[in-house]
């Protein structure tokens, strides 16, 4: 925690309020075949699964998560240098990382990177996207598929236990609504409440 606060203190003077990181992934045949997310230096952002999506999902990262992402970008030269390894590996999607801050703009596109910090950045972007998809799926399931809600919650719980969530706090409003919904099954309400408590406390869900 102390190191992250130091990073925030050091990074703040170097970044404007408009500084942001974009991540675009194009992988035809996968689910989803396209995604685009961005986060700014305040931890706010958007996630969309189509270039013309006019209702993107709003993202929100914690200050610690935001600091970690922008510190990684700094260590990568804010994407001013190539990340592509050039190795002959399977195609896993065309990935683009972009940094913008005022008139400063750097961008790099790759399929696979062997750079350790590049791999960490990719993992962050993938986890942010996974969290957004869980939130979207949970919201839709709560509205239209009450019988599938317990399974959807189990998927979120598994992702949380595996540390695959980034910005988990954005799941709390929907989890709280499910926990308070008297028309939901008791097991579903209890699971939603337990998971919300775990996210708030930063501890694993109680059995």
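Data table
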| item | result |
| --- | --- |
| Some residue of the stretch 9-24 being at pLDDT 95 or above and either more than 18 Å from the chain's Cα centre (by Cα) or not in a strand (DSSP E or B) (or both) | yes |
| Search result, residues across the stretch 99-118 that are in a helix (DSSP H, G or I) and over 23 Å from residue 40 (Cβ atoms) | 116 |
| Number of the condition not met by residue 31 [criteria: (1) under 19 Å from the mean Cα position of the chain (by Cα); (2) in a loop (DSSP other than H, G, I, E, B); (3) over 22 Å from residue 163 (Cα atoms)] | (3) |
| Candidate set: the stretch 24-41, residues that are within 18 Å of residue 102 (Cα to Cα) and touching a helix residue (DSSP H, G or I) at 6+ places or on another chain (Cβ under 7 Å); chosen: the one surrounded by the most Cβ atoms within 10 Å (Cβ to Cβ) | 39 |
| Residue in the stretch 13-24 that is touching a residue at least 60 places away in the same chain (Cβ under 8 Å) and closer than 19 Å to residue 136 by Cα present | yes |
| Conditions (1) surrounded by 15 or more Cβ atoms within 10 Å (Cβ to Cβ); (2) within 22 Å of residue 132 (Cα to Cα); (3) in contact (Cβ under 8 Å) with a residue 24 or more places away in the chain: number failed by residue 46 | (3) |
| Test: residue in the stretch 65-83 that is closer than 24 Å to residue 174 by Cα and either modelled with pLDDT of 95 or more or within 15 Å of the chain's Cα centre (by Cα) (or both) | yes |
| Flag if residue 92 is over 28 Å from residue 169 (Cα atoms), in a loop (DSSP other than H, G, I, E, B) and either within 13 Å of the chain's Cα centre (by Cα) or touching a residue at least 60 places away in the same chain (Cβ under 8 Å) (or both) | yes |
| Residue list for the stretch 97-121, filter: closer than 28 Å to residue 18 by Cβ, surrounded by 16 or more Cβ atoms within 10 Å (Cβ to Cβ) and either out of contact with any strand residue (DSSP E or B) (no Cβ under 7 Å at 6 or more places or on another chain) or touching a residue at least 40 places away in the same chain (Cβ under 8 Å) (or both) | 97, 98, 99, 100, 101, 113, 115, 117, 118, 121 |
| Filtered residues of the stretch 52-62 (kept if modelled with pLDDT of 95 or more, in contact with a strand residue (DSSP E or B) (Cβ under 9 Å, 6 or more places away or on another chain) and either surrounded by fewer than 16 Cβ atoms within 10 Å (Cβ to Cβ) or assigned to a strand (DSSP E or B) (or both)) | 57, 58, 59, 60 |
| Criterion (out of contact with any helix residue (DSSP H, G or I) (no Cβ under 9 Å at 6 or more places or on another chain) and surrounded by 15 or more Cβ atoms within 10 Å (Cβ to Cβ)) met by exactly one of 65, 84 | 84 |
| Residues satisfying the stated conditions in the stretch 156-168, i.e. surrounded by 15 or more Cβ atoms within 10 Å (Cβ to Cβ) and part of a helix (DSSP H, G or I) | 156, 157, 159, 160, 168 |
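The values are calculated or read from the model by the stated rules, or taken from the named source; none is laboratory data. Owing to the predicted nature of the structure, the values given are computational and were not obtained by experimental measurement. Positions of Cβ are backbone-derived with ideal geometry, glycine not excepted, and every protein chain shown enters the neighbour counts.
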